[in-house]
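> Once you've had a glance at the structure underneath, I'll fire off some questions.
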Amino acid sequence: MPDYPIVNAHHHIGHPDDDQDSVFQWSESVAQIIDTMDENRVDASMLMPLGGENDRSVTEVHDSIYEASEAYPGRIFGITAPNAHLGREFVHEEITRCVEELDFKYAKLHTLAWGVDPTSDVAYDFYDACVENDIPVMIHTGPHGMPFSVPGMLIPVAEDYPELDIVMAHMGGAYTLTQEAIILAKRYENFYLDTTLALNMYVRRAMEEVGADRLLMAAEHSSNIPVALTKIDCIGASEDQKRQILGGNAIDLYDLDVAVQDWEEKEVSAAD
């Protein structure tokens, strides 16, 4: 058993009153997430809204994530994701509320779900809110959502926001685009790579060329948690590199106070 915390740094949850998200057609409960975390010995997960919360009802999802973080302190952390098209004032107010009142750790700009050009004015308003609240931004990248989700679209963002930590969700998500994401991360030290949907061979390449200190293990959905963990076991990482990728980097980047679980004690208690 690893002697370091495991953090799933990117996980979606839909509106608590809906069976399915209106964009991606799936959702799951916090109880399901916690159960799968326990089954796979994951100490903490970071939850964000799915794509269907395209109006101001996203505040309700944020509130439900906060309630989960209160119910599972140190195991559930919040991520804010208001649609960038909802206007500068609302986006700034909601991101600020989530950070200052709900202790959320970063913001997600979903170029696919919302049809957002990452170089547009509304996207820059979103980045401004992140800078003002001193939090990183995650940006969806990959073949789904092109052209807005192509990693190369983030070059001007990197140039204009050198002080902003930028996480490329899915690190490009496919063959050519993953390589492009790796090239950008090598060029810009404020870029991080999220392992969801990325092939093992490219996660290994990113570890070797960019460094284990800028890779973040994540799953997106509970059914992906075993795969996300196994993926890191298949790339030839040393124990120190695994420590970074599987949780250390997320803890450092997002300033997480993780409630590290005593898995052996929990299993004994469950057996009793």
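The values are calculated or read from the model by the stated rules, or taken from the named source; none is laboratory data. No experiment lies behind these values; they were computed from the predicted model shown. When we count neighbours, we look across all protein chains shown, and the Cβ atoms used for this are built from the backbone with ideal geometry, even at glycine. Ligands, DNA and RNA are excluded from the accessible area calculation, which covers all protein heavy atoms including side chains. Shrake-Rupley method; radii C 1.70, N 1.55, O 1.52, S 1.80 Å.
> Apply the Kirkwood formula to the range 161-272: the hydrodynamic radius equals the inverse of the mean of 1/r over all pairs of different alpha-carbon atoms; give it in Å with one decimal.
Numbers: mean 1/r = 0.0675 Å⁻¹.
Hydrodynamic radius (Kirkwood, Cα pairs) of the range 161-272 is 14.8 Å.
> May I ask you to derive the relative contact order of the chain, considering only C-alpha pairs under 8 Å and at least 6 residues apart, and to give it as an integer percent? Could you put the intermediate results ahead of the total?
Numbers: 540 pairs, mean separation 49.5, N = 272.
Result for the chain is 18 percent.
> Moving on. Measuring from label point to label point, each 7 Å out along Cα→Cβ, what is the VAL227 to ASP63 span in nm?
With each label point 7 Å from Cα toward Cβ, the separation is 3.5 nm.
> In square nanometres, what is the average projected area of the Cα convex hull of the range 113-189?
4.6
> Based on a Kirkwood Rh over C-alpha pairs, give the Stokes-Einstein translational diffusion coefficient of the range 88-145 at 20 °C and viscosity 1.002 mPa s in µm²/s.
Numbers: Rh = 11.7 Å.
Calculated translational D: 184 µm²/s.
> A further question follows. For the range 171-218, what value does the Rg/Rh ratio take when both radii are computed over Cα atoms and Rh is the Kirkwood radius, given to two decimals?
Numbers: Rg = 9.0 Å, Rh = 10.1 Å.
Ratio value, two decimals: 0.89.
> Also, I was wondering about something else. Roughly to the nearest percent, how much of the accessible area of the range 81-183 is carbon and sulfur, given a 1.4 Å probe? Mind dumping the intermediate values first?
Numbers: 1960 of 3800 Å².
The C+S portion of the solvent-accessible surface of the range 81-183 is 52 percent.
> Between ASP55 and ASP213, how high is the FRET efficiency from 1/(1 + (r/R0)^6) when r is the Cβ-Cβ distance and R₀ = 45 Å? Nearest 0.05. Walk me through the numbers before you get to the answer.
Numbers: r = 38 Å, r/R0 = 0.85.
So, using R0 = 45 Å, E works out to roughly 0.75.
> Taking the radius of gyration and the Kirkwood hydrodynamic radius from Cα positions alone, what is the Rg/Rh ratio for the range 112-154, to two decimal places? Walk me through the intermediate numbers first.
Numbers: Rg = 10.5 Å, Rh = 10.8 Å.
Answer for the range 112-154: 0.98.
> Three principal axis extents, largest first, for the C-alpha atoms of the chain, in Å?
Principal-axis extents of the Cα atoms in the chain, largest first: 57, 42, 31 Å.
> May I pose another question? What's the Kirkwood radius of the range 55-133 in Å, using all Cα pairs? Provide the component values of the computation, followed by the final result.
Details: mean 1/r = 0.0789 Å⁻¹.
Across the range 55-133, the inverse of the average 1/r is 12.7 Å.
> Based on the mean of other beta carbon atoms within 10 Å per residue, what is the order of 30-41, 171-182, most packed first?
Details: 30-41: 16.6, 171-182: 22.5.
With the highest mean Cβ count within 10 Å placed first, the list reads 171-182, 30-41.
> Hey, could you get me the Stokes-Einstein D for the range 1-160, Kirkwood radius over alpha-carbon pairs, 37 °C and 0.692 mPa s, rounded to whole µm² s⁻¹?
Translational D for this selection: 204 µm²/s.
> For LYS266, list the aspartates and glutamates whose Cα falls under 19 Å from its own Cα; do not include residues on the same chain fewer than 8 positions away.
ASP3, ASP35, ASP38, GLU39, ASP43
> List the lysines whose Cα lies under 19 Å from the Cα of LYS186, skipping any in the same chain that are fewer than 8 positions away.
The reachable lysines, counting only those whose Cα sits under 19 Å from LYS186, number zero.
> Calculate, for the chain, the solvent-accessible area per residue in square angstrom, rolling a 1.4 angstrom probe over the heavy atoms of the protein chains.
Numbers: 11430 Å² over 272 residues.
Per-residue value: 42 Å².
> In debye, nearest 20, what is the charge dipole magnitude of the chain about its Cα centre with +1 on Lys and Arg Cβ and -1 on Asp and Glu Cβ, if you could check? Display every interim value, and only then the final one.
Details: 16 positive and 50 negative charges, 245 e Å.
So the dipole magnitude of the chain works out to roughly 1180 debye.
> Roughly how many debye, to the nearest 20, is the charge dipole of the range 132-272 about its Cα centre, given +1 on each Lys and Arg Cβ, -1 on each Asp and Glu Cβ, and no other charges? Kindly include the intermediate steps, with their values, before the conclusion.
Numbers: 9 positive and 24 negative charges, 167 e Å.
Dipole of the range 132-272, to the nearest 20 debye: 800 debye.
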